[in-house]
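For reference, the structure I am asking about is given below.
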Amino acid sequence: MSLMPNGISSSLKMVWRAISVIEKRANQLDYVLVDTPGHIEIFTWSAFGAIITEAFALTFLTVVTYVVDTPRSANPVTFMSNMLYACSIVYKTRLPIVLAFNKTDVTQHQFALEWMEDFEAFQAAISSDHSYMSTLSQSFCLAPDELYKNLQSVGVSAVSGAGVRDFFKAIEASAEEYMETYKADLDKRRVEKQRLQDERRKENMEKLRKDMEKSGNRDIMEKLEKLWP
């Protein structure tokens, strides 16, 4: 995603305008689904993507949904690529994530759940492939293990609507995680930011006080201290 300064400014205005509209209608809505623009790796790791994600996460209870193409992920190498993408999203956004295995009307997603729960089953599936990418995928198969333990995963079909109830149940469960982790971390960061701002203000005031004393303007400094104690 490459935008000139004016394009970035216009895009950000559109984002904030959308957030403002959603805020006004918040009492009328149960969920808001946001389809993020561009390739996932570009959006996730770009400054623009981070701004959009954080803008929503700071304003609303936010959960990331990573939609997986289930038939394609029947290939173990593609499956592992998707899992590493999911890991990178969690690492970058620090938000709860739901894996939505789509197209279950074409291919059921049970194989993916098995691979996530049993790395030996994944290794058995990929053992017949001796390409460089398969070897790399085998070496990575334990990397997302910690992620799998706390990950909400559901199978859905955009065509038939199957699994949609399970999807929203996963969203509700992830919403609790948002409150327990992201929100708590956000509050902690706000407190720390305020503390640093207070320290910086005190340092600046002390420096100003010394400068005023040297220049013989102590009375002005005393008035300033009353305004900003």
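Step by step: first the residues of the range 105-115, then only those that are out of contact with any Pro (no Cβ under 7 Å at 6 or more places or on another chain) and surrounded by fewer than 22 Cβ atoms within 10 Å (Cβ to Cβ), then the one that is nearest to VAL64 (Cα to Cα). Which residue is that?
Of everything passing the filter in the range 105-115, LEU113 is nearest to VAL64 (Cα to Cα).
What do you reckon, is GLU172 surrounded by fewer than 18 Cβ atoms within 10 Å (Cβ to Cβ), modelled with pLDDT under 90 and assigned to a helix (DSSP H, G or I)?
Taking the combined requirement at face value, the residue does not satisfy it.
(1) of a type outside the set (S, T, N, Q); (2) crowded, with 20+ Cβ neighbours inside 10 Å; (3) closer than 25 Å to LYS183 by Cα; (4) touching a Pro at 6+ places or on another chain (Cβ under 9 Å): which one isn't true of MET80, the others all being true?
With respect to (1) of a type outside the set (S, T, N, Q); (2) crowded, with 20+ Cβ neighbours inside 10 Å; (3) closer than 25 Å to LYS183 by Cα; (4) touching a Pro at 6+ places or on another chain (Cβ under 9 Å), MET80 is out only on (3).
Moving to a separate point now. When you look at LEU142, is it more than 17 Å from PHE43 (Cα to Cα), crowded, with 19+ Cβ neighbours inside 10 Å and either of a type in the set (A, V, I, L, M) or modelled with pLDDT under 85 (or both), yes or no?
For LEU142, the condition - more than 17 Å from PHE43 (Cα to Cα), crowded, with 19+ Cβ neighbours inside 10 Å and either of a type in the set (A, V, I, L, M) or modelled with pLDDT under 85 (or both) - is not met.
The values are calculated or read from the model by the stated rules, or taken from the named source; none is laboratory data. This one's a predicted model, so the numbers in the text were calculated from it and none came from an experiment. Note: ideal-geometry Cβ built from the backbone for every residue, glycine included; neighbour counts use all protein chains shown.
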